[in-house]
Amino acid sequence: MRGRVEILGVGVDRISADELRTEILRMARGGEHGLVLHVNVHGLNLSYHRPWLRDMLNNASVVFCDGSGVVLAAKILGRPGGLQRFTHADEMWRLAEFAAANELSLFFLGARPGVAKKAAARLKERFPGLMIAGVHHGYFDHTSGSPENEAVIQEINAANPDVLVVGFGMPLQEWWLKENWDRVDAGVAITLGAIFDYVSGELRRGPRVLTDNGFEWLARLLIEPGRLWRRYVIGNPLFLARVLAQRLTEKGARTRRGS
């Protein structure tokens with residue numbers, strides 16, 4: 001159906017936003033138990049030294065591109081066909097519209113108490129037909145087997161949503177799914193990071209001139225420099241160095257094969 005671009009050991013799907021929503025509908029209607037994960041520069045840096053995260057991404061039903069740096073990496077590596085980048089901050093509104101039109105129920109899990117509920121209310125205001133099966137904040141004991149964690153799983157399972165939207169941020173959201181997904185009754189789970197903060201209006205995105213032109217990371221850095229400076233000021237050059245090293249390794253392997 002589609003190919004994957006391998007970047008730092010992680011396969012990223014060549015998939016558009018429209019194709020992603022269609023795939024989510026197919027999995028939910030088909031009774032599958034699908035994981036839809038996203039990667040950006042930060043995520044690929046995290047997975048570089050975390051084999052469990054790399055395995056989690058490579059075994060997911062879909063891994064979509066959520067960062068211009070990932071698109072750039074594909075170009076540097078000479079991958080034909082390229083990747084389509086779409087950011088979850090925009091995608092949540094489109095997913096909600098799509099879910100309402102196709103009668104898919106959503107469960108929101110993540111953010112501070114009250115934030116996901118506010119996000120759900122804003123989405124329902126724009127799309128009255130949207131079915132929100134449930135909402136729960138992300139500030140609970142995520143330890144597998146803990147009373148709080150078990151209560152959250154029971155709440156999700158009682159709602160039995162078509163789509164579970166998880167927004168803990170990386171890598172906690174992926175770890176939580178790794179530990180719990182096989183016990184969660186939902187058709188599809190999709191990770192969307194700080195999505196509830198954006199949709200609720202608690203976190204602004206920055207100037208459109210940046211976010212629309214591949215500089216979402218710079219916009220986020222300008223808004224939250226204290227929290228994000230290490231991720232971008234150190235992480236971005238480190239990612240570029242790793243991608244260039246991969247390119248040199250692959251070029252050397254091709255040369256040896258050809259000799």
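Overview of results
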{"read-out": "FRET efficiency, 1/(1 + (r/R0)^6) with R0 25 Å, evaluated for Arg29 and Asn58 via beta carbons", "value": "0.50"}
{"read-out": "Stretchable slack from Phe140 to Arg247, in nm (0.36 nm times residue separation minus alpha-carbon distance)", "value": "34.3 nm"}
{"read-out": "Spin-label model distance (nm) - Arg257 vs Glu103, 7 Å beyond Cα toward Cβ", "value": "5.0 nm"}
{"read-out": "Footprinting exposure proxy for Phe107, Phe98 (fewest neighbouring C-beta atoms within 10 Å first)", "value": "Phe98, Phe107"}
{"read-out": "Members of Lys75/Lys117; Lys124/Lys178; Lys117/Lys178 lying beyond 32 Å, as alpha-carbon distances in this model show", "value": "Lys75/Lys117"}
{"read-out": "Estimated FRET transfer efficiency (Phe127, His49; beta-carbon r; R0 41 Å; 0.05)", "value": "0.50"}
{"read-out": "Rounded, prolate or oblate (a/c below 1.5 giving rounded, otherwise prolate when a/b exceeds b/c) for the stretch 1-113 by Cα gyration tensor", "value": "prolate"}
{"read-out": "Listed residues Ala101, Leu240, Pro171: farthest to the positive end of the dipole of the chain (Cβ charges)", "value": "Leu240"}
{"read-out": "Partners for Lys251 among aspartates and glutamates (Cα-Cα distance below 18 Å; same-chain residues under 8 apart left out)", "value": "Glu6"}
{"read-out": "Residues Val243, Val71, sorted so that the one with the fewest Cβ neighbours within 10 Å comes first", "value": "Val71, Val243"}
{"read-out": "4 °C / 1.567 mPa s Stokes-Einstein diffusion coefficient of the stretch 4-249, Kirkwood radius on C-alpha pairs, µm²/s", "value": "71 µm²/s"}
{"read-out": "Helix 235-258 vs. the chain, principal-axis angle (Cα, 0 to 90°, nearest 10)", "value": "50 degrees"}
{"read-out": "The chain: angle of helix 115-126 to the longest principal axis, Cα-based, in degrees nearest 10", "value": "80 degrees"}
{"read-out": "Tilt relative to the chain, helix 88-101 - C-alpha long axis, 0 to 90 degrees, to 10", "value": "50 degrees"}
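Read the figures in this text as sums done on the coordinates, not as results from a lab. None of the values given here were measured: they were computed from a predicted structure. Note: ideal-geometry Cβ built from the backbone for every residue, glycine included; neighbour counts use all protein chains shown.
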